[in-house]
Amino acid sequence: MSQKYDVTALRAFAAHLFQHVGLDADKARVTADILVEGDLLGHTTHGLALMPLYLDAASSGAMLGTGEPEVLAQTPVVETWDGKYLPGPWLVMRAAELASKRAAEFGISAVSIRRSCHIGCLAAYLQPFAERGQMLILASSDPSVASVAPFGGTKRIYTPNPLAAGWPSPGGPVMFDVSMSITTNGMTGRMRAEGRQFDHPYLLDADGVPSRDPNVFFTNPPGSLQPLGGSEAGHKGYALGLWLEALTSGLSGHGRADAPTAWGASVLVQVIDPARFGGSDAFLREAGWMESAIHENPPGPSGMPVRLPGERGLALRDIALREGVALHPSLPAMLAERAAKAGIAAPMPLG
């Protein structure tokens, strides 16, 4: 059974470690909060599991711990930033707050970011903006990495390219965070490390043959992740993946054509304010109708009630805030190791 940890203590611990490797206090705090939020929502491959990569990137200079993004283009509604490989969570939250403020005035606003460092779990950003009555949309890709083959092909050319969105509903935020591949790089690495196979053929080997074995991803030549939809309907996920490339690297003006080598992200942050469209009350009326129709929908053979996207993650979050967050079994030893390296006390499990 996974050990549980106090959420406030984990946030403070992670922030301390990030300051120890050179992040400004505000950047360390936001980065820590976003990583812990990933675990609270149940996205265990994109929570504190990412911390060693972030710490090592900061220590090596691959993640810049201090400074400001450069504004490359600007209108009253949109901006384009060079993120200079500053911490991705800090850049995204700063961009989202700016877009939120402008969307309240203009109805819609967006910030495109090139050369951000990794931004973590996209779902971790959504709740605050949905709770203020707005819709937050996030898209991300990493132009330095290739892991997904185009539908019908065998060679990796792009990343899982997640898309996330959150919006208000009478019963609470509706949220989703979906990659344009069936599985992710992080989950594939975890399955390999644990000696497990996927339940279904989520990958292709180097010859393009569907496989459940995560090891095919690490061969030479390597296999690839299948686009969302797999062998039968992967043309849909492939098209969506290319669209995400256009929304991120395309709009930011920097991507795979530049052959970057630094681990990072191209990002689009967009906020829409329903109050400036058909009105907040009308939006919530429609969202409430859909919410009721979903909850009243007869369950299938499993007997499990039908849920809104994000409902389970938010329920897990509420439990974790009250009772402590259950970390993946691989994390406590990593936290202890990083604490010892920094000369600080590791967080202790509750109870």
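Which trypsin sites (Lys or Arg not before Pro) in the range 47-136 pass both tests, a DSSP loop state and at most 14 other beta-carbon atoms within 10 Å?
Arg132
Pick out which of Ser302, Ser231, Ser266 has the largest mean-square fluctuation in a Gaussian network model of the chain, springs linking Cα atoms closer than 10 Å.
Ser302
Wrap a convex hull around the Cα atoms of the range 278-346, take a quarter of its surface area, and give that in square nanometres.
8.8 nm²
Within 10 Å of each residue's Cβ, count the other Cβ atoms and sort Trp90, Trp167, Trp243 from fewest upward.
Lowest count first: Trp243, Trp167, Trp90.
What list of whole percents do you get for P(r) of the range 202-322, with Cα-Cα distances grouped in 10 Å bins up to the one holding the largest distance?
P(r) for the range 202-322, in whole percents per bin: 10, 17, 31, 28, 13, 1.
Please compute, for the alpha-carbon atoms of the range 123-177, the extent along each of the three principal axes and give them in descending order in Å.
45, 21, 13
Counting only helical runs of four or more DSSP H residues, what would the 222 nm mean residue ellipticity of the chain come to if each run contributes -39,500 (n - 2.57) and the total is spread over all its residues?
-12000 deg cm²/dmol
Quick check on the range 223-294: take the gyration tensor over C-alpha atoms, sort the square-rooted eigenvalues as a ≥ b ≥ c, and tell me if it's rounded (a/c under 1.5), prolate or oblate.
Since a/c reaches 1.5 but b/c is at least a/b, the shape of the range 223-294 is classed as oblate.
Compare the Cα positions of Met191, Gly223, Pro201 along the charge dipole of the range 183-225 (+1 at Cβ of Lys, Arg; -1 at Cβ of Asp, Glu; about the Cα centre) and return the one farthest towards the positive end.
So the residue we want is Met191.
Which entries of Lys4/Lys236; Lys27/Lys155; Lys27/Lys236; Lys27/Lys101; Lys101/Lys236 show an alpha-carbon separation above 28 angstrom in the structure shown?
Pairs exceeding 28 Å: Lys4/Lys236; Lys27/Lys155; Lys27/Lys236; Lys101/Lys236.
Considering just Cα atoms, how many Å³ per residue does the convex hull of the range 1-132 enclose?
Each residue corresponds to 105 Å³ of Cα convex hull volume.
Compute, for the range 218-351, the length of the dipole vector about the Cα centre, with Cβ point charges of +1 (Lys, Arg) and -1 (Asp, Glu) only. Units Debye, rounded to 20.
Here the range 218-351 has a charge dipole of around 340 debye.
Across 5 Å bins from the origin, how do the percents of Cα pairs in the range 142-230 run, short distances first?
Values per bin, smallest distances first: 3, 15, 24, 23, 14, 8, 6, 5, 2, 1, 0.
Run through all the Cα pairs of the chain and give the fraction in each 20 Å bin from 0, expressed as whole percent.
Going out from 0 Å in 20 Å bins, the chain shows 28, 61, 11 percent.
May I ask you to derive the FRET efficiency for Met290 and Arg322 from their Cβ-Cβ distance with R0 = 25 Å, giving the value to the nearest 0.05?
Computed FRET efficiency for Met290 and Arg322 comes out at 0.30.
Can you tell me the dipole magnitude for the chain around its Cα centre, using point charges on the Cβ only (Lys, Arg +1; Asp, Glu -1), in Debye to the nearest 20?
360 debye
How much of the calculated P(r) for the range 1-74 lies past 15 Å, in percent of all Cα pairs?
Taking all Cα-Cα pairs of the range 1-74, the fraction more than 15 Å apart is 56 percent.
Just tell me which aspartates and glutamates come within less than 20 Å, Cα to Cα, of Lys84; anything on the same chain fewer than 8 places away is out.
Asp24, Asp26, Asp56, Glu68, Glu70, Glu97, Asp142, Glu245, Asp258
Rule-based calculations on the coordinates, nothing more; no lab input. Since this is a predicted model, take the numbers as computed values, not measurements. Cβ sites come from the backbone with ideal geometry, for glycine too, and all protein chains shown count toward neighbours.
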